[in-house]
Amino acid sequence: MSAADTTEKPRDAAHGTIEVSIWRGRDEGRYETFRVPMRESQTVLDIVTHVQRHLDPTLAYRFACRVGVCGSCAMTVNGRPRWTCRTHVSKVVENGRIEIGPLANLPVIKDLAADMSPFFEKWQEAKGAFTPSKTREADIEPISPETRERKIIDAAIECINCGVCFAACDTVRWNEDYMGPAALNRAWTLVNDVRDAGNAARVHAVAQGGGCHACHTHQSCEQHCPVGLNPTASIAGLKRRTMQAFIRGELE
Amino acid sequence: MAKPRNTTYRREPLWRAAMVHRISGLLLACFLPLHFLALALALDGEQRLDGFLRWTDQPLFKVAETVLVGLLAVHLLGGIRVLAIENLPWRPGQKQMAMGAIAVATLVAAAFLVRIV
Amino acid sequence: MNVRLYVLQRATALLMVPLILGHLAIIFYATRQGLTAADIFGRTKGSIGWAAYYAVFVIAASVHGAIGLRAILREWGGLTGRALDLAMWAFGLVLLVLGLRAVYAVVV
């Protein structure tokens, strides 16, 4: 290490501060402002963690993996739903300020922790659980990655259940029956799973009032998905599949 | 203070395109009964309808007709885009197509205005 | 919106694509030197072709508009259940009756 390097600040040294407004309370509450030191490569989740560890230990928020795999830490950052662990402060800070709230379209448990129950209840409504067609004694079924069905699944399977699409969707906000992009995207992967035995019930479920036909193709889910999925395309697939089933009279 | 909501999705071109589609559809639905009532004036004879048509030669009606032509065109083109998304393989460039639909509809309306003034 | 309403709305949408293109062409043609009743009647009176064109157009627009309005009333108007379906049917029938009456007026 050269002499010049030793005089540099350590890599995580603070350079200035950010004014951070954080939602406090439940569905009723207010924003509370904190000043947080700005660091290099700092994420929005780092800011929230700093506030909780150093400024106010009563702040509630949710996180787990911190590397964009678990989907636990999504929040509303400057009016936009984002995965906070993979959102750099430098990318979203506006005039030295940042506003962090809980995910929209969900009840608030406390502060930044949204209640994900409605999100996962919709998942169940859309029959988002795999229905096995074989017993545990059967051999593992080989699925070629080259099949049409498997390619469709590959395009949609990497959902991390973060709820960003659910929070970004106006149709979810306007229509409480609507299952939302993530649940329908999940249903679409199972509809294309040749091993699944539950598709008669699944296609029936997503053809109901709150199912895929409630989608108005705003494409907000596609625009906001942090892992680059396209639930709008998956929902379009379900619209085609249910339309075929309807025309064949399979839905009565 | 009530819970905060998202706001920035309203800046998304595709969200705006969806609103253009909904509002244009709503306005066209509101206009249709008036359109039908006006045409039905023909039940009272050609002169009755012609009297109405001459009354609508006022500039205000020319503007309204231009807007209606634009609404019809934008709802048509936006609707074709939605039908294509729902029924054909996904294609990229949706923002460009949505903005293109609005631009073409505006041109159609402008051409209509030029024609009638 | 369930699958039945969806199929009806999209089918009428697809049906109206050529009808609207035709309608726009007629709008431009008819306004070549100001709109007159004589000009309109010259095309439509006694024409089975125009009667069929406009009748199909009115039926498709009534179905399409009523289902579209239902979605807006559901999401922006807070209507649900029977009231929502009643509003859809009422608007659709008003459009249908007024529309077919207008077709009758210019064709017969």
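Could you tell me which residue out of A:Gly71, A:Gly210, A:Gly198 lies farthest along the dipole of the protein assembly as shown toward its positive end? Charges go on the beta carbon: Lys and Arg +1, Asp and Glu -1, centred on the Cα centre.
It is A:Gly210, whose Cα lies furthest towards the positive end.
Could you tally the net charge around B:Ala73, taking each other residue with its Cβ under 15 Å from the Cβ of B:Ala73, Lys/Arg +1 and Asp/Glu -1?
So the environment of B:Ala73 carries a net charge of +1.
About the Cα centre of the protein assembly as shown, what is the dipole size in debye to 20, counting +1 per Lys and Arg Cβ and -1 per Asp and Glu Cβ, all else neutral?
For this selection, approximately 420 debye.
List the lysines whose Cα lies under 29 Å from the Cα of B:Lys62, skipping any in the same chain that are fewer than 8 positions away.
C:Lys45
Quick check: net charge around C:Met88, other residues with Cβ under 13 Å of its Cβ, Lys/Arg +1 and Asp/Glu -1?
+3
Skipping prolines and chain starts, which residues have an amide H placed within reach, meaning under 5 Å, of the one on A:Glu32, given they are 5 or more residues away or on another chain?
For A:Glu32, the qualifying residues are A:Ile22, A:Trp23, A:Arg24.
Treating only the Cβ of Lys, Arg, Asp and Glu as charged (+1, +1, -1, -1), what charge dipole size does the range A:149-252 show about its Cα centre? Round to the nearest 20 debye.
My answer is approximately 220 debye.
Roughly how many whole Å is it from the C-alpha centroid of the range A:91-139 to that of the range A:147-222?
13
What number, rounded to the nearest 500 deg cm²/dmol, is the helix-based mean residue ellipticity at 222 nm of chain B, given -39500 (n - 2.57) per DSSP H run of at least four residues and division by all its residues? Can you show the working numbers first?
Working: 4 runs with 89 residues, N = 117.
Helix contribution divided over all residues of chain B: -26500 deg cm²/dmol.
Please report the orientation-averaged projected area of the protein assembly as shown, defined via the convex hull of its C-alpha atoms, in nm².
Numbers: hull surface 126.5 nm².
The number I arrive at for the protein assembly as shown is 31.6 nm².
Output ³J(HN,Hα) for the range B:89-106: one whole-Hz value per residue in order, computed from phi by the Karplus curve 6.51 cos²θ - 1.76 cosθ + 1.60 with θ = phi - 60°, and x for Gly and Pro.
3J(HN,Hα) across the range B:89-106, in whole Hz: x, 4, 10, x, x, 4, 4, 5, 5, 5, 5, x, 4, 5, 5, 5, 4, 5.
Identify which of A:Trp83, A:Trp174, A:Trp123 has the largest mean-square fluctuation in a Gaussian network model of chain A, with springs joining Cα atoms closer than 10 Å.
Residue with maximal mean-square fluctuation among A:Trp83, A:Trp174, A:Trp123: A:Trp174.
Give a residue-ordered list of calculated ³J(HN,Hα) values for the range B:8-20 (Karplus: 6.51 cos²θ - 1.76 cosθ + 1.60, θ = phi - 60°; whole Hz; x for Gly, Pro).
6, 5, 5, 8, 6, x, 6, 5, 5, 4, 5, 5, 4
Give me the angle, in degrees from 0 to 90, between the Cα long axis of helix A:231-247 and the longest principal axis of the Cα atoms of chain A, rounded to the nearest 10.
20
Relative contact order for chain A: what is it in percent, counting Cα pairs under 8 Å that are at least 6 residues apart?
About 16 percent, as a whole number.
Taking +1 at the Cβ of each Lys and Arg and -1 at the Cβ of each Asp and Glu, which of C:Ile67, B:Leu53, A:Gln219 sits farthest along the dipole of the protein assembly as shown towards its positive end, judged by Cα position relative to the Cα centre?
The Cα lying farthest towards the positive end belongs to B:Leu53.
How much net charge surrounds B:Ile116 when only other residues with a Cβ under 11 Å from its Cβ are counted (Lys, Arg +1; Asp, Glu -1)?
+1
For the range A:58-64, take each phi angle, set θ = phi - 60°, evaluate the Karplus expression 6.51 cos²θ - 1.76 cosθ + 1.60, and give the result in whole Hz per residue in order, putting x for glycine and proline.
Running phi through 6.51 cos²θ - 1.76 cosθ + 1.60 with θ = phi - 60° gives 7, 5, 9, 7, 10, 7, 9 Hz.
If amide H atoms are built 1.01 Å from N in the plane of the peptide, which residues on other chains or at least 5 residues away come under 5 Å of the amide H of A:Ala74?
A:Thr84
What residues qualify as long-range amide H neighbours of A:Glu99, i.e. H under 5 Å apart, gap of 5 or more or another chain, H built at 1.01 Å from N?
Here the answer is A:Ser21, A:Asn78, since their amide H atoms fall under 5 Å of that of A:Glu99.
Read the figures in this text as sums done on the coordinates, not as results from a lab. In this text the structure is predicted, and so the values were computed from the model without any measurement. Please note: Cβ atoms are built from the backbone with ideal geometry, for glycine as well, and neighbour counts cover all protein chains shown.
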